[in-house]
Amino acid sequence: MRIFDPHVHMTSRTTDDYEAMYAAGVRALVEPSFWLGQPRTSPASFFDYFDALLGWEPFRAAQYGIAHHCTVALNPKEANDPRCTPVLDALPRYLVKDSVVAVGEIGYDSMTPAEDTALAAQLQLAADHGLPALVHTPHRDKRAGLRRTVDVVRESNLSMERVLLDHLNETTVKHAIDSGCWLGFSIYPDTKMDEDRMVRILRTYGTEKVLVNSAADWGRSDPLKTRKVGDAMLAAGFTEDDVDQVLWRNPVSFYGLSGRLQLDVPKPESLHEGNSVLRSGE
Ligand SMILES: [Zn+2]
């Protein structure tokens, strides 16, 4: 089973996670820029973080045989902090980088006017840079949040076929399908969405344009949830081709819209030779 995790925050994860992900079949991933838990107090903190997503983290992933790309944006939560909004002006210099495959995560957290401004500005940046957009939908008041998100995307210069609506569930999937956007589902250990519910959604709505991610980060989360969905799909009677479509071909098609996907990373066996695998502190 080959797996592309289209949304996972590896900065928050250990090298054990990289090893386990490789063993489970993960060969590529996208790390969206997001909130770090601790609020940032200046744009410079974002720039160091973006540089890590462009330099250090792909280097770390490659040691474990995994191709690493990222998305860059001012996230919805920090869009509300005036100390952070100047990040918007600096984004163009990051959006031209080879391993940036979308603008994201953008979208709504609390649906404030400041979030409106940041979302519209960043949808325009995506259109200007020929990039797709990864759009986070709110975890609270999901139906209203999804409707408002779709309305804003529809009014933007970015076409619906270049937008991935993430964190969908049973209450938002139908409206998301009708919008013509790509459909993202984040699978969590014990909240929001699990692998059995995911299989039921796939049974009802099919596998077209569906992407499944672990959204693993610094909270309770599991970077192997993609594999667990693949196993649950097979157990429920889906074919290996169905699994490959959801876990590999759909994310490749969506992020491939950037024209920047680079999926050939050397096998880790060769990297392990000569003991070149990174260890902390060395
Ligand atoms: Zn995320």
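The table for this structure:
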item: Shape call, the stretch 130-240: gyration tensor on alpha carbons, a/c limit 1.5; result: prolate
item: Full-stretch length increase - Arg260, Glu240 - with 0.36 nm per residue and alpha-carbon distance subtracted; result: 4.5 nm
item: Three-way shape call for the chain based on the alpha-carbon gyration tensor, with the a/c threshold at 1.5; result: oblate
item: Rough spin-label spacing in nm, given labels placed 7 Å along Cα→Cβ, for Ala23 and Asp81; result: 3.7 nm
item: Residues in the stretch 221-261 reached by a label modelled at Arg200 [backbone nitrogen below 19 Å; 7 Å Cα→Cβ]; result: 228-238
item: Helix-only mean residue ellipticity at 222 nm for the chain, each DSSP H run of n ≥ 4 adding -39500 (n - 2.57), per residue, nearest 500; result: -12000 deg cm²/dmol
item: Cα gyration tensor of the stretch 64-163 - equivalent ellipsoid semi-axes, whole Å, descending; result: 21, 16, 14
item: Per-residue ³J(HN,Hα) for the stretch 131-140, Karplus 6.51 cos²θ - 1.76 cosθ + 1.60, θ = phi - 60°, Hz, x for Gly and Pro; result: 10, x, 10, 9, 10, 6, 9, x, 7, 10
item: Accessible-area composition of the stretch 3-271, carbon plus sulfur, in percent [1.4 Å probe]; result: 51 percent
item: Residues of the chain: accessible area per residue with a 1.4 Å probe, Å²; result: 41 Å²
item: The stretch 181-223 shape via C-alpha gyration tensor axes, a/c threshold 1.5; result: oblate
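The values are calculated or read from the model by the stated rules, or taken from the named source; none is laboratory data. If you're wondering where the values come from, they're calculated on a predicted model, not measured in any experiment. Cβ coordinates were reconstructed from backbone atoms using ideal geometry, including for glycine residues, and neighbour counts include every protein chain displayed. Heavy atoms of the whole protein, side chains included, go into the accessibility calculation; ligands, DNA and RNA do not. Shrake-Rupley method; radii C 1.70, N 1.55, O 1.52, S 1.80 Å.
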